[in-house]
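The values are calculated or read from the model by the stated rules, or taken from the named source; none is laboratory data. Being a predicted model, the structure only gives us computed values, none of them experimental. Here Cβ is always computed from backbone atoms with ideal geometry, including for glycine, and neighbour counts include all displayed protein chains. We work out accessible area using only protein heavy atoms, side chains counted, and drop any ligands, DNA or RNA first. Shrake-Rupley method; radii C 1.70, N 1.55, O 1.52, S 1.80 Å.
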Amino acid sequence: MEKQAILAAIIDSSEDAIISKTIEGYITSWNQAAERMFGYREEEVIGKHISILIPKDRLSEEDMIIDCIRHGQRVQHFRTIRLNKDGHPLPISLTVSPVKGADGTIIGASKIARDISAQVRAERETKQHLENLELLISVGKAISEKLDLESILQKLTDITTRLTGAELGAFFYNIVDDMGDSSLLFTLSGAPWETFEKFGMPINSAVFHKTFNGEGTLRSDNTLAVPVISPSGEVIGGLFFAHSKPGMFTEEHEKLLIAIASQAAVAIDNAKLYEEVKTLNTRKDEFIGVAGHELRTPITTIKGYLQLLEDQTPEGLTKDFIEKALRQVNKLNRLITDLLDVTRIHAGKLDYTIRPCSLTALVKECIETVRQIHSSHVIESKLPGNDIIVIADSSKIEQVLINFLINAIKYSPGQNKIVVQVTTKTGRAVVSVRDLGMGIPAQHLQNIFNRYYRVNNSQHVIAGLGIGLYISKEIIDRHDGTIWVESEEGKGSTFYFALPLFT
Ligand code: ADP
């Protein structure tokens, strides 16, 4: 008897609801924790069917549980939902065990239900935090990776809309153009801007003005507005969010957005700078283009007169001087052509006239041209006996080869041998120019074909613009060819290009 009393006391002091029921599901006992958890008093539920606690869509669970009990099995830590007296769902963890009669037959079941709403809430919050963290990381990544303003802003709007759970989000920002005119642009996420008007946020609303005045975050029942302020203090724009359900925006959202907004402001500033640099770069190219054309006209005239004079001047010192002057004019011409080519490549306007041509003849001609200009070096050539035909713009390939040759001479002071070789290999013609000059340190090799890239050499100061190889690579690439270099510092360099053979 005493044992019985102890058991009853334990059951009543338990924090978990302990309920017993018949095998048919009728409630036979109900402890105090069950009263607190479900809201029914003991006398209200004794004799009632257990299904009063079960949501309609989960009634089949009871059949499954009873089935286990009938077979003498336990159901342990089964996470499910039950209803309290008010019909509110209650997340619980359920353990059900069979109750046996004196003869050992199963006559009912005991149920222990633990209220796990706090646990479920904590799990949901952790999941939410994790999702927020992932979104935050993705916003950080997106805005630090992308440099173009529009995609940064769209990403920012999309992610912050998801982060706040808003039905619609927008980022409004001011752009000042070249002429100093400012215009208001926006990116949207979720729904069209007109929908904001429903929430009292038309473009000329107080919320809008306050945000653009940088007055801080404004949070109301259905809306949230956060100014995006650049490190220099200028208001770049504002993030606006709306939800048809009131109270969806929390203080936590507000804090999160302020942090994101300041991070985004820096990225937006950078993107704006990048756009400015791009514009200036295009202007610079345009300027070089115009200046190049202007320079070329008088040079063509000078060259014409010099050639006339050369023809009419007998051999001697004066003719020598004229030839020297002509060489310099030609050099100037090449420089201008290169500069113009760079701007054309940039604008995608370098034109090609591609037709079959003899590579061997072209190589001979180039060697001849360079021999005339530079007598300092001996140019040896190793050409195959047969004619090698490639499909190419011959003047452009000449430009590449002359550039290789002049570089070989320029970068091998004190060495006077250059070897030009033409071979064929697996359907391609390979042209190489080898010098025994200063070579290129290994760490520079991969950049040598980049625009304006030059190797600083403390021993030799050699003038140049760093565009010859860049143009050469563009030209060879456009021919579906390959360009490369092999070099060892102090021992010389071999520059190669390969072109598909005409078959
Ligand atoms: P530039 O000669 O006007 O500087 P290039 O684009 O033709 O421009 O060459 C880029 C850089 O590559 C040169 O500044 C030089 O440092 C290096 N280079 C090119 N050809 C050679 C070579 N044959 N030997 C050593 N260095 C070379």
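Overview of results
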read-out	value
Total formal charge among the other residues, if their Cβ is under 13 angstrom from that of Lys324, Lys/Arg +1 and Asp/Glu -1	0
For region 9-65, size of Cβ-based charge dipole, Lys and Arg +1, Asp and Glu -1, in debye	100 debye
Rounded D (µm²/s) - region 166-222, Kirkwood Rh over Cα pairs, Stokes-Einstein at 4 °C, 1.567 mPa s	103 µm²/s
Inter-probe distance in nm under a simple model that places probes 7 Å from Cα toward Cβ, at Asp269 and Gln372	5.8 nm
Phi-based couplings in Hz for region 486-503 (Karplus 6.51, -1.76, 1.60; Gly and Pro marked x)	10, 7, 9, 4, x, 10, x, 9, 10, 9, 10, 9, 10, 10, x, 6, 7, 10
Segment Thr300-Leu185, length gained on full extension (0.36 nm per residue, minus Cα span)	36.4 nm
Rg and Dmax of region 258-305, Cα atoms only, in Å	20.8, 71
Interchain or long-range residues, amide H under 5 Å from Val99's placed H	Ile107, Gly108, Ala109, Ser110
Positive dipole terminus of the chain, leading residue within Ser20, Ser51, Thr343 (C-beta point charges)	Thr343
Region 102-171, dipole about Cα centre (Lys/Arg Cβ +1, Asp/Glu Cβ -1), debye to the nearest 20	180 debye
Estimated dipole of the chain in Debye, rounded to 20 [Cβ of Lys and Arg +1, of Asp and Glu -1, Cα centre]	1280 debye
Proximal lysines relative to Lys3, as straight alpha-carbon distance under 23 Å, when same-chain residues fewer than 8 apart are discounted	Lys21, Lys100, Lys111
For region 276-430: accessible area per residue (Å², 1.4 Å)	58 Å²
Extreme residue, positive dipole direction of the chain, given options Ile260, Leu83, Pro314 (C-beta unit charges)	Pro314
Cα point-scatterer Debye curve for region 334-418, base-10 log of I(q)/I(0) at q = 0.16 Å⁻¹	-0.74
Selected from Ala361, Pro384, Asn456, residue furthest toward positive end of dipole (the chain; charges at beta carbon)	Pro384
DSSP beta bridge pairing in region 327-467, given as percent antiparallel to the nearest 5	70 percent
Angle between the chain longest axis and helix 117-145 axis [Cα atoms, degrees, rounded to 10]	10 degrees
Violating pairs (Cα-Cα greater than 30 angstrom) within the set Lys331/Lys417; Lys155/Lys255; Lys85/Lys198; Lys272/Lys331; Lys56/Lys245	Lys85/Lys198; Lys272/Lys331
Formal net charge of residues neighbouring Ala291 (Cβ-Cβ distance under 15 Å; K, R +1; D, E -1)	-1
Residue-count net charge about Leu359 - beta-carbon cut-off 14 Å; Lys, Arg +1, Asp, Glu -1	+2
Whole-number Å³ per residue for the convex hull built on Cα positions in region 195-304	137 Å³
4 °C / 1.567 mPa s Stokes-Einstein diffusion coefficient of region 1-73, Kirkwood radius on C-alpha pairs, µm²/s	97 µm²/s
Whole-angstrom gap from region 432-467 to region 169-238, using each part's C-alpha centre	52 Å
Pair-distance profile P(r), taking every C-alpha pair of the chain, with 10 angstrom steps and integer %	3, 13, 14, 11, 10, 12, 10, 8, 7, 6, 4, 2, 1, 0, 0
